[in-house]
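Taken together, the values in this text are just the output of simple stated rules run on the coordinates, not laboratory data. All of these numbers come straight from a predicted model, not from anything done at the bench. Cβ coordinates were reconstructed from backbone atoms using ideal geometry, including for glycine residues, and neighbour counts include every protein chain displayed.
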Amino acid sequence: MSVRSAWSLVCAMMAMRRRSLAVAALISGAILAAALVAAPAAAPAKPAAAPPGPPAPPPIGYDDTPMLPDGKWRVHDGNRPRPRMVTPPSAVPPADPGRPPSDALVLFDGKDLSHWQTQGKGPDKGKLVPAAWKVENGYMEAVPGAGSLISKESFGDCQLHVEWASPAEVKGASQGRGNGGVLLMGRYEVQVLDSWDNITYADGQAAALYGQYPPLVNASRRPGQWQAFDIIFEAPRFEDGKLARPAFVTVLHNGLVMHHRQQLIGTTGHKQVGKYTPHEPELPLTLQEHGNPTRFRNIWVRRLTGYDEPAPPPAAK
Ligand code: MG
């Protein structure tokens, strides 16, 4: 056999070998595919049991409350967008409380609770009794269970300044953290809450018109730091037992606008759409006690008049 013939024979044998391997691969693949189709699906592996940990947090907000008049959101709607965080200007409030304006009635100057009282309990139920919050170091601090503070003086249209601080030691979550409130006429609440890194329903966070409108932004300071509300309130008017003009409120939180002459839907409340019920043209202010040791200081109020009117007395009793 010549060299050329021998090489041709080798090439022919190699070609036959490649064809055999290809056929074998096809047969193997078919057998494997058939086996996969015929085989029952393997049961999914059971996930490992979760290690024990803290209980899941309660859901934020509600999905079963009544709709607000705008038809878009429920009261305390858990899906309502939460306002974005904004760092407030550094100068408000200063480290020390500022001096009130000369025509203001100072409701708390850091020394005593002489302008405040509270609802009695037990044998004093139905009566107003001396307030029992803690006063020290220039501030007052809510005592859980001691009740809300009610001003001795009454106000209608007014400008109100309140400084407050949620507890420096963070305890609780959502509505249970640094809760308090400034209730104009005892029934229209601007919410006080620790809203620093504390998720709650939008219409319940700090500076919200509780259950009605979230603040435009979240200008909260850290727990324990002093914060300021400046509120301009126009009281509702009633004529012949009916609402003649709703209330309007403007709120600045740490110097930033949260509400701009916003019309209130009615009284503020939990899980309900507020309604107006006729009341006096001037009523006491309430500082809410909500089970948390929230602090307040430097509280003053100015009664408002229209243009060209004489200065009003600071307050009506
Ligand atoms: Mg509150």
| query | Non-local amide H neighbours of Asn218 (under 5 Å, H modeled in plane, Pro and chain starts lacking H): which ones? | reply | Arg84, Met85, Val86
| said: Give the residue list of chymotrypsin sites (Phe, Trp or Tyr not before Pro) in the stretch 222-317 that are DSSP loop and have at most 10 other beta-carbon atoms within 10 angstrom. | reply: Tyr307
| field | Low-density loop positions, trypsin sites (Lys or Arg not before Pro), the stretch 99-176 - DSSP coil, at most 15 other Cβ in 10 Å | value | Lys111, Lys121, Lys125, Lys127, Lys171
| Normalized C-alpha radius of gyration of the stretch 105-303, against 2.2 N^0.38 Å? | 0.96
